[in-house]
1. With springs only between Cα atoms under 10 Å, which of 115, 280, 105 fluctuates most in a Gaussian network model of the chain?
2. With an 8 Å Cα cut-off and a minimum separation of 6 or more residues, compute the relative contact order for segment 1-161 in percent.
3. Just to confirm the number: angle between the C-alpha axis of helix 194-203 and the first principal axis of the chain, 0 to 90 degrees, nearest 10?
4. Provide the packing ranking of 281-294, 33-46, i.e. peptides ordered by the mean count of other C-beta atoms within 10 Å per residue, highest first.
5. Calculate how steeply helix 292-307 sits against the longest principal axis of the alpha-carbon atoms of the chain, using the helix alpha-carbon long axis, and give the answer as 0 to 90 degrees to the nearest 10.
6. Please give the calculated 222 nm ellipticity per residue for the chain, where each DSSP H segment of at least 4 residues contributes -39500 (n - 2.57) and the sum is spread over every residue; nearest 500 deg cm²/dmol?
7. Report the extension gain between residue 198 and residue 138 in nm, rounded to one decimal, defined as 0.36 nm multiplied by the number of residues separating them, less their alpha carbon distance.
8. When only Cα pairs under 8 Å and 6 or more residues apart are kept, what is the percent relative contact order across the chain?
């Protein structure tokens, strides 16, 4: 099993040092990958590159960097730099983000998101694969006047999209290497995401896409406390249409209903359900819902499953 965890830099101390320390713990536990989300404080691409350089053997990635208010040329430069730093173990995850958050934060209109995603990926892939681009689309232009390749980043750099809706999945299957769905349960993966993504990739003549399922969960004896914490931690997603859709498809009422909590046996069984549904990798997030002992207990279980 390919299993990883999402790293959450601490709110105090040194965020970079703490992320490196946590990544070492993940690698020592036997986990294969570590992922870093983009927030409004640290830069996820830069931090992933540093972690990859400091923790040899661990794959690192972003999940996910919103593309609105960002240009593919700059994202390509960042991603290639982190790819070189990690010696070929970096994976770039991008996403559309949420309309209300994008517009209120950046003052950028959230218009024609699917066209934007298609053009962003088209320009980005050309930049990553050739070190050059001459792309002029309806929503962006990418035509650097000089080479844009970063020496040391020649290893193929996977591009993944946090796509869950039908149109986004189609573009992802055609132009990206896979998807990074969060809060999409096994039913939604098996009946909706995997079939749509695979069909789009096959039609475009691309290799079988990767499906990296991000699952919120923690191994704990205090299930009530974990569920209460999960309700607070995931309430934000209950207001976002794309998440509302996959929550409903799973037969749940709120995001917190999809958080996995319980003992090792229960969590291991849930992990297997995601793989049975078509996930090629499972990444646990929100493993800090209760306490640090439970987080490490969760990581040890996932590491044991990865080794088995």
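1. The residue that fluctuates most here is 105.
2. Answer for segment 1-161 is 20 percent.
3. In the chain, helix 194-203 runs at an angle near 20 degrees to the longest axis.
4. Result, highest mean Cβ count within 10 Å first: 281-294, 33-46.
5. Long axis of 292-307 versus the principal axis of the chain: about 70 degrees.
6. One gets -13500 deg cm²/dmol as the mean residue ellipticity at 222 nm.
7. 18.9 nm
8. 19 percent
Each reported figure results from applying straightforward, stated rules to the coordinates on display, with no laboratory input. Keep in mind that what you see is a predicted model, and the values were worked out from it rather than measured. Positions of Cβ are generated from backbone atoms using ideal geometry, with glycine treated the same way; all protein chains shown enter the neighbour counts.
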